[in-house]
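Visitor: I'd like to ask you about the structure that follows.
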Amino acid sequence: MNLQPLTDTFGRQHDYLRISLTDACNLRCVYCMPNETIQVTPSAKLMQAEEIQEIARIFVSLGVKKIRLTGGEPLLRKDAKNIIERLSPLPVELAISTNAVLADQYIETFLANGIRSLNVSLDTLNAEEFLSITKRGDFQKIISNIQLLLSHNFKVKVNMVVMKGINEHAILDFIEWTRNYPLDIRFIEFMPFSGNAWQRDKVFSYADMLELIEKKYTFVKLEDAANDTAKKYKVSNHAGTFAFITTITEPFCGSCNRMRLTADGKMKNCLFSAGETDLLSAFRKGQDITPLILSCLHDKKQERGGRFDFENIENRSMIRIGG
Ligand code: SAM
Ligand code: SF4
């Protein structure tokens, strides 16, 4: 078999790169941003638009077929449009994860640059609860922007982080939302990152979620695509679907095809990896970064960055990795 260069020591082929554009955000989700006074990385230390384009081009030459822009909030970056325009000619599927607060300002940019699918974060359908989770008050804007995206025929996946005792009851509201809207809701098990006060007993597990949903709905399992992190389901007569991302109780590392680039140009071979490789500094010195990329991938551990003691995890906060 002819292995592509981005194959790790466990035979996993990597063709998906998630690029964080910024660690700044217009929301303060409790599970993501460790505290309200987090220092954002100064602009000069971030990958600039041209650097993102060039580094992405190198990954694509090694076999990357999908790039997702993330953050922090990627649409907060003043040059987000420029970056999207620079990446869109690459032979990749270009996707974006956003909180959708600014999505209405980018509809034309998405349409013109082949972005047809968006992942939108939203953890409740109750405005007050939204405020307590995000510490900001843009709930109605997000709902109207999701409706705007649907009216332009974008595929919208809604990511809900489920935290026990905080928002698990909203799971049923989200499923009800799929009755008339072609949304794909993804229920994500709460994951540990530096400073987010994660505890195992705050995880509302995949099994807990299925049990809750079964009390009200009859649903069927859908087929999952290869490398899919989500386990998909559907209430038969509903327009939309729902799925579970079960990082904690049923990790899906065996089929992982993802690599990450932080906004300051560090490569991470796993969301939970302790190490990171500074591609940007080498790139700025004019060095060939391909050997660094390959060596970073070579070090990838079999499962969850080789870390099993989630209670004492040392990692960047999610907002500084890029989810
Ligand atoms: N601002 C954008 C957004 O919210 O979609 C992009 C960045 S955000 C870090 C990417 C994804 O990470 C979101 O879907 C968010 O819900 C998820 N996320 C952040 N912290 C998490 C945690 N502790 N556990 C599970 N998912 C988390
Ligand atoms: Fe911002 Fe997204 Fe993190 Fe919420 S999940 S604080 S919207 S980066």
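Visitor: For region 94-116, which residues satisfy the criterion of being within 12 Å of ligand 2 (Cβ to nearest atom) and either over 15 Å from residue 146 (Cβ atoms) or of a type in the set (Lys, Arg) (or both)?
Guide: Residues satisfying the conditions do not exist here.
Visitor: Testing residue 23 on (1) assigned to a loop (DSSP other than H, G, I, E, B); (2) more than 16 Å from ligand 1 (Cβ to nearest atom); (3) under 20 Å from residue 259 (Cβ atoms), one condition comes back false. Which one is that?
Guide: It is condition (2) that residue 23 fails.
Visitor: Can I ask one more? Which of the residues belonging to region 46-65 are part of a helix (DSSP H, G or I) and either open to solvent by less than 80 Å² (accessible area, probe 1.4 Å) or at pLDDT below 95 (or both)?
Guide: Passing the criteria: 49, 51, 52, 53, 54, 55, 56, 58, 59, 60.
Visitor: Give region 220-231 a look and list any residue that's open to solvent by less than 60 Å² (accessible area, probe 1.4 Å) and either part of a helix (DSSP H, G or I) or in contact (Cβ under 8 Å) with a residue 40 or more places away in the chain (or both), or say none.
Guide: Selection gives 230 alone.
Visitor: Within region 251-281, which residues are open to solvent by 20 Å² or more (accessible area, probe 1.4 Å), among the small types (Gly, Ala, Ser) and assigned to a loop (DSSP other than H, G, I, E, B)?
Guide: Result: 274, 275.
Visitor: Please go through region 64-84 and pick out each residue that is within 14 Å of ligand 2 (Cβ to nearest atom) and among the charged types (D, E, K, R).
Guide: Across region 64-84, the qualifying residues are 68, 73, 77.
Visitor: Any residue at all in region 95-111 that is closer than 25 Å to residue 305 by Cα, away from ligand 1 (no atom under 16 Å from the Cβ), in contact with a His (Cβ under 7 Å, 6 or more places away or on another chain) and not in a strand (DSSP E or B)?
Guide: No, every residue in region 95-111 fails to be closer than 25 Å to residue 305 by Cα, away from ligand 1 (no atom under 16 Å from the Cβ), in contact with a His (Cβ under 7 Å, 6 or more places away or on another chain) and not in a strand (DSSP E or B).
Visitor: Residue check: is residue 8 touching a helix residue (DSSP H, G or I) at 6+ places or on another chain (Cβ under 7 Å), surrounded by fewer than 18 Cβ atoms within 10 Å (Cβ to Cβ) and over 26 Å from residue 185 (Cα atoms)?
Guide: No.
Visitor: Can you name the residue in region 11-20 that is open to solvent by less than 40 Å² (accessible area, probe 1.4 Å) and away from ligand 2 (no atom under 16 Å from the Cβ) and is also farthest from residue 258 (Cα to Cα) among such residues?
Guide: It comes out as 12.
Visitor: Any residue in region 185-192 that is open to solvent by 10 Å² or more (accessible area, probe 1.4 Å) and modelled with pLDDT of 95 or more?
Guide: yes
Visitor: Tell me yes or no: at least one residue of region 180-187 is among the aliphatic types (A, V, I, L, M), at positive phi and within 13 Å of ligand 1 (Cβ to nearest atom).
Guide: Within region 180-187, none of the residues are among the aliphatic types (A, V, I, L, M), at positive phi and within 13 Å of ligand 1 (Cβ to nearest atom).
The values are calculated or read from the model by the stated rules, or taken from the named source; none is laboratory data. Only a predicted model underlies this, so the values are computations on that prediction, with no experimental measurement involved. Quick reminder, even Gly has a Cβ in these numbers, built from the backbone with ideal geometry, and neighbours come from all protein chains shown. Keep in mind that these areas ignore ligands, DNA and RNA; they rest on the heavy atoms of the full protein, side chains included. Shrake-Rupley method; radii C 1.70, N 1.55, O 1.52, S 1.80 Å.
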